[in-house]
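One structure is given here, and the rest of the page talks about it.
The values are calculated or read from the model by the stated rules, or taken from the named source; none is laboratory data. What you are looking at is a predicted structure, and each value in this text was computed from that prediction instead of being measured. Note that each Cβ is placed from the backbone with ideal geometry, even for glycine, and that neighbours are counted across all protein chains shown.
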Amino acid sequence: MNAPIATSEGPRTTRSRRRPSGLRARLAHDLEAVGGRHDEARFYEGPAGDPGLCGGPGSMSWEIHADMASLVVAGNAAILMEVLHPSVMHGVYTQSSYREEPVRRARNTLGYVLRTTFASTDAATRVIDGVKRMHARVSGTRADGVSYRALDPELIAWVHTCIPWAVMTAFERTRRPLSRADKDRYLKEQAVIGRMGGADRVPESVDELHDFVEAMRPQLAMNDQTVDFVAFLEARVGPHRVSALEFIDRAAALRGSMALMPDWARRMTGTHQPAWLDRAYFKHDCRWRANLIRWAYPEAPCVAMAHARATSAHG
């Protein structure tokens, strides 16, 4: 999801798990091949009773982020919304390895969301601090002459906000309705991560989210780098050739994910579709993908590991 973020996957534990068979097993294997397994003890085990940074069991963050389907379906939309800020796009385009190592990038990005939610307080804090150290080395000057640094609080706030915005929308569209109170609670829980990452103004309610996005809209734009990035997401450019079927699937996945976003964002990114086509396909595509993921991969192993840690009695 989060394009500028890079973390290290680290060694995995050797926890046994009963694997499903047939089509379900193949789908689960494919999801782990791209997104990773996320069962590292050094992140998700820890002090008994430690709920982590986002509130622990019973929090909205744990309910929503435990739904792997919402994280996956929202991924393209979150990434594309982030890089609509030209400074974010420039940093990603010139100083990241998304073209050469797209699988590692996807795995590390998903890992960041899961670790900051489900890891122990100490482990999650270390993950955030590690990303801040890497971002401290990222700065540059855009083609239009505007200088930037990745640790600019406003850029961090924008990058942070795009994730819960997209994920919350995916969860509501494909899992269950969320009340205004549910959304406000989720955004407030997630704001902790944004502030620890270096943001200052982070939306903590639906109203604040709307105001923040509207305030940022004048800074958002498509440029040559963004056009190329969209082409990469759709597999129209890139170091690896894909089959015609995968090309169609990736284009549909991007448009289905962007169907979660406002109409102005879809028009800006070229992912807008005629209303009849939306009704017939794209607004249903993310729901279909989400249900398939839930069937094949209900939740990542880290969720059960975190729940065991948080609900254990103190020694």
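Go through the range 105-145 and count every residue that is assigned to a helix (DSSP H, G or I) and either exposed (fewer than 14 other Cβ atoms within 10 Å of the Cβ) or out of contact with any Ser or Thr (no Cβ under 7 Å at 6 or more places or on another chain) (or both). Even if it seems obvious, please write down each step before you answer.
Residues of the range 105-145 assigned to a helix (DSSP H, G or I): 105-118, 121-135.
Narrowing the set further to residues that are either exposed (fewer than 14 other Cβ atoms within 10 Å of the Cβ) or out of contact with any Ser or Thr (no Cβ under 7 Å at 6 or more places or on another chain) (or both) leaves 106-107, 109-110, 113-116, 118, 121-123, 125-126, 129, 132-135.
Number of matching residues: 19.
One line per residue, one yes/no per condition, for (1) more than 13 Å from L110 (Cβ to Cβ); (2) in a loop (DSSP other than H, G, I, E, B); (3) among the basic types (K, R); (4) at pLDDT 55 or above:
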site: A6; (1), (2), (3), (4): no, yes, no, no
site: T13; (1), (2), (3), (4): yes, yes, no, no
site: R17; (1), (2), (3), (4): yes, yes, yes, no
site: P20; (1), (2), (3), (4): yes, yes, no, no
site: L27; (1), (2), (3), (4): yes, no, no, yes
site: E32; (1), (2), (3), (4): no, no, no, yes
site: R42; (1), (2), (3), (4): yes, no, yes, yes
site: G46; (1), (2), (3), (4): yes, yes, no, yes
site: D50; (1), (2), (3), (4): yes, yes, no, yes
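Inside the range 155-177, residues that are without any contact (Cβ under 8 Å) to a residue 60 or more places away in the chain, buried (at least 18 other Cβ atoms within 10 Å of the Cβ) and either aliphatic (A, V, I, L, M) or out of contact with any Gly (no Cβ under 8 Å at 6 or more places or on another chain) (or both) make up a count of 3. Out of all the residues in the range 288-308, which are surrounded by fewer than 20 Cβ atoms within 10 Å (Cβ to Cβ) and either in a helix (DSSP H, G or I) or at positive phi (or both)? Matches in the range 288-308: W288, N291, L292, R294, W295, A296, P301, A304, H307, A308. Quick check: anything in the range 225-246 among the charged types (D, E, K, R), assigned to a helix (DSSP H, G or I), modelled with pLDDT under 95 and surrounded by fewer than 17 Cβ atoms within 10 Å (Cβ to Cβ)? Looking for residues that are among the charged types (D, E, K, R), assigned to a helix (DSSP H, G or I), modelled with pLDDT under 95 and surrounded by fewer than 17 Cβ atoms within 10 Å (Cβ to Cβ), one finds at least one in the range 225-246, hence yes. Checked against (1) modelled with pLDDT of 95 or more; (2) under 30 Å from R42 (Cβ atoms), E172 passes all but condition (2).
For residues in the range 272-283 being in contact (Cβ under 8 Å) with a residue 24 or more places away in the chain and within 26 Å of L209 (Cβ to Cβ), which is surrounded by the fewest Cβ atoms within 10 Å (Cβ to Cβ)?
The first filter runs over the range 272-283 and keeps only residues in contact (Cβ under 8 Å) with a residue 24 or more places away in the chain, leaving 281-283.
The next check asks that each one be within 26 Å of L209 (Cβ to Cβ); those that pass are 282-283.
Working: F282: 21, K283: 17.
This residue is K283.
Please go through the range 247-280 and pick out each residue that is assigned to a helix (DSSP H, G or I) and β-branched (V, I, T).
Taking the range 247-280 as the starting set, the residues that turn out to be assigned to a helix (DSSP H, G or I) are 247-258, 263-269, 275-280.
I248, T269, listed by residue number.
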